[in-house]
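Below: the structure, in structure tokens.
The values are calculated or read from the model by the stated rules, or taken from the named source; none is laboratory data. No experiment lies behind these values; they were computed from the predicted model shown. Cβ coordinates were reconstructed from backbone atoms using ideal geometry, including for glycine residues, and neighbour counts include every protein chain displayed. Quick note on the areas: whole protein, heavy atoms, side chains included, nothing else; ligands and nucleic acids left out. Shrake-Rupley method; radii C 1.70, N 1.55, O 1.52, S 1.80 Å.
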Amino acid sequence: MATQAQPFAYITLSGMRQQLANRLYDASMVFWTSPELTVYIQGAIRTWQALTGFWRGDFLFQSVQGQIWYDIPLLTNSLRSYTVTDLSVYQEILYHLLEPITGPVSLQFTTDDIVQAVQRRRDEILSVTSCTQTRRLVGAVAGRITST
């Protein structure tokens, strides 16, 4: 029996933002804006989830004979939909640089600098975690098979 994850109901996002602002001694949100605090809260929750794997659930989907790989976020009823975009990453970087959010445009760095930095880190993570796979079909022949 598949279980559906229950929505989180302990605190609202606005309540969490206000608590964070209070802990930063900025209850009026003068130094940290509401959208900036939201980005930090979302980042903290994503990091916690990645480190703990706490939020889990099951969903059903119809498998297809002969299909090896499935793009889970694109399946109907998937619990792992894509929510982080490149623009959201660039905006978070600008918040960390203490710059106004004007798209991926920085006063300190060119847009290409920021885009290239994100791409280098993405490529590094893919390389270090061995997330890149290659599938090869090797014909069955008599004797020893060597892979090239």
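Scanning region 20-51 for residues that are among the polar types (S, T, N, Q) and farther than 17 Å from residue 95 by Cα yields 22, 28, 47, 49. A search for C-beta distances below 7 Å between a residue of region 105-120 that is within 13 Å of residue 91 (Cβ to Cβ) and any residue that is part of a loop (DSSP other than H, G, I, E, B) and of a type in the set (Asp, Glu), counting only pairs 6+ apart in sequence or on different chains, returns 106/99.
Pairs are defined by a Cβ separation below 8 Å, a sequence spacing of at least 6 or placement on different chains, a first member in region 128-143 that is under 17 Å from residue 69 (Cβ atoms), and a second member that is open to solvent by less than 100 Å² (accessible area, probe 1.4 Å); the pairs so defined are 132/126; 135/68; 136/147.
Here residue 91 qualifies as under 28 Å from residue 33 (Cα atoms) and either in contact with a Cys (Cβ under 6 Å, 6 or more places away or on another chain) or of a type outside the set (D, E, K, R) (or both). Among residues of region 63-88 that are under 16 Å from residue 131 (Cβ atoms), those with a Cβ under 6 angstrom from a residue that is polar (S, T, N, Q) and open to solvent by less than 80 Å² (accessible area, probe 1.4 Å), sequence gap 6+ or separate chain, pair up as 72/78; 73/81.
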